[in-house]
Amino acid sequence: MFAPGARNAWHSHAVGQTVHVAEGVGLIQSRGEKAVEIRPGETIHTPPGEWHWHWAAPEHFMTHLAMWEASADGNEADWGEKVSDLDYLAAAEEASR
């Protein structure tokens, strides 16, 4: 569960990731793409190696199931830089348009 305003860092998964929203309102963004609002019942898949991040909308909690597998060599995820407050708020604003 993500509290309002909570987010993770940029990351990618060796075999991709599937995010299914159970409740609340969240957002997800792939590098170079516009952030997308996600709501209960929606499922988003990010392909292998695609850098992305996901989070709760500024005024909403968001609960999701995040599913991924490890590659044959055991690698699950690569983690990048934290998402700044400025980038978070800009992405949330963009997604609400």
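The values are calculated or read from the model by the stated rules, or taken from the named source; none is laboratory data. Since the model is a prediction, treat every value here as computed from it, not as a measurement. Here the Cβ positions follow ideal geometry from the backbone for every residue, glycine too, while neighbour counts run over all protein chains shown. All accessible areas refer to the heavy atoms of the entire protein, side chains included, with ligands and DNA or RNA removed. Shrake-Rupley method; radii C 1.70, N 1.55, O 1.52, S 1.80 Å.
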- Message: If I take R0 = 30 Å and measure r between the Cβ atoms of residue 59 and residue 79 in this structure, what FRET efficiency does the formula 1/(1 + (r/R0)^6) give, to the nearest 0.05?
- Response: 0.65
- Report, in degrees rounded to the nearest 10, the 0 to 90 angle that the Cα long axis of helix 85-96 makes with the longest principal axis of the chain. 80
- Item | Rounded percent of accessible protein surface that carbon and sulfur make up, the chain, 1.4 Å probe | 54
- Any chance you could look up the accessible area of residue 89 with a 1.4 Å probe, heavy atoms only, rounded to 10 Å²? 100
- Within 10 Å, count the other beta carbons around each residue, average over each peptide in 75-85, 40-50, and list them highest first. 40-50, 75-85
- Item | Dipole axis of the chain (+1 Lys, Arg; -1 Asp, Glu on Cβ), positive-most option in 12, 57, 79 | 57
- Task: Can you tell me the relative contact order of the chain? Whole percent, Cα pairs under 8 Å, sequence separation 6 or more.
- Result: 41
- Message: Is there a quick way to get the dipole size of the chain? I mean about its Cα centre, with the Cβ of Lys and Arg at +1 and of Asp and Glu at -1; what is the value in debye to the nearest 20?
- Response: 160
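Nearest 500 deg cm²/dmol is fine: what mean residue ellipticity at 222 nm does the chain get from its DSSP H runs of n ≥ 4 alone, each adding -39,500 (n - 2.57), divided by its residue count? Don't skip to the end; give the middle numbers.
Details: 1 runs with 12 residues, N = 97.
Rounded to the nearest 500, it is -4000 deg cm²/dmol.
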- Message: Let's test the formula: R0 of 22 Å, r as the Cβ-Cβ distance of residue 43 and residue 93. What FRET efficiency results, to the nearest 0.05?
- Response: 0.35
- Radius of gyration and maximum dimension Dmax of the chain, Cα, Å: 12.8, 41
